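Below is one structure, written out as structure tokens; the observations come after it.
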């Protein structure tokens, strides 16, 4: 059974990836209609492929998966294509966020490849590329879904996701400005706010909301239930990311962790601040957020002394149990299904990448 399930997932992932060229075609057709030079079209196509087609697809397949679970049957070809296009738009939105995030963090590699802005002759032109990716979301929505009854709702969902994430990026940057470490700015309340809108909303809630809109099952009750489960699930996912940035294997995660050096408001540093002795607090104040190997090692040493790995495992167990209770309480009267959230949780539970 497990082998058959994995084969199904591999097949579905392959079919999902086959949709992306048609998304690119829709976008480039609009570029072509502007009668711009051919080199502009080629450059934009390269940007789309480089920044979108090589991701982990954490969001990818979530929209069609949700549709399949709600309908209780395999999707037709047209259903799968429409829901997959919506999912690829969440990937485009993610690519937009990452291009700008990479520039602001001044990092070097992601997913085993050099960041887009570090490509030859690129530099800050990448800022405009990111904005183009965001605009492409709405270009495709107009092309493919303008006649859908929930077209406006889908536009508003993407706008809300972008606005929330951009506001929270600002909050993140102001909480931990580069070169100006002040650990008094870090708190669990600030962390929860940053995580809710920077990750949880567009990575977890948005895909399910899009499926509900497309299926015309987006009642206020269904949207509220989805929100109340998927936001804490997204918080769990971000805590995992924070943990794996330090304790994960770069060969598996696909990136070298820099969060300590980048002065990030992490779950780990907040846990450390709650437990630190006066001497440990002094070292953290002096070392956290410094682009220095020795300082980074001092922070890591304190994290190990506090056994934050065990603290994380306890958090993970408790959060999974909480999510399972919320899932079991889902009201399925209006078409929402508990299995949607069970599937999401299965994707991320105790992950290593």
Calculated from DSSP helices alone, with each H run of at least 4 adding -39500 (n - 2.57) and the total divided by the residues of the chain, [θ]222 nm to the nearest 500 comes to -23000 deg cm²/dmol
Using R₀ = 35 Å, calculate the FRET efficiency as 1/(1 + (r/R₀)^6) where r is the Cβ-Cβ separation of residue 281 and residue 351; round to 0.05. 0.65
Rounded to two decimal places and with Rh computed the Kirkwood way over Cα pairs, what is Rg over Rh for segment 196-353? 1.07
Counted neighbours (other Cβ, 10 Å), sorted fewest up, put 70, 99, 114 in the order 114, 70, 99
Expressed as a whole-number percentage, the relative contact order of segment 142-278 with C-alpha contacts under 8 angstrom and at least six residues apart is 29
With Cα coordinates, the longest principal axis of the chain makes an angle with the long axis of helix 77-105, in degrees rounded to 10, of 30
Dividing the alpha-carbon radius of gyration of segment 212-301 by 2.2 N^0.38 Å, where N counts its residues, gives 1.51
The chain: relative contact order in percent, alpha carbon pairs under 8 Å with at least 6 residues between: 17
If a/c stays under 1.5 just call it rounded; otherwise compare a/b with b/c (prolate if a/b is bigger, oblate if not). Do that for the chain, with a ≥ b ≥ c from the square roots of the Cα gyration tensor eigenvalues. oblate
What order do you get for 345, 93 when you list them from fewest to most C-beta neighbours inside 10 Å? 345, 93
Given the options 299, 63, 208, which has the most mean-square fluctuation in a GNM of the chain, springs set between C-alpha atoms less than 10 angstrom apart? 299
Cα long-axis angle, helix 2-33 against the chain (0 to 90 degrees, to the nearest 10): 70
Compute the length gained on full extension between residue 180 and residue 148: take 0.36 nm times their separation in residues and subtract their Cα-Cα distance, giving the result in nm to one decimal. 6.7 nm
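Laboratory data are not the source of any read-out in this text; all were calculated from the coordinates shown. Being a predicted model, the structure only gives us computed values, none of them experimental. All Cβ positions, even for glycine, are placed from backbone atoms using ideal geometry, and neighbour counts span all protein chains on display.
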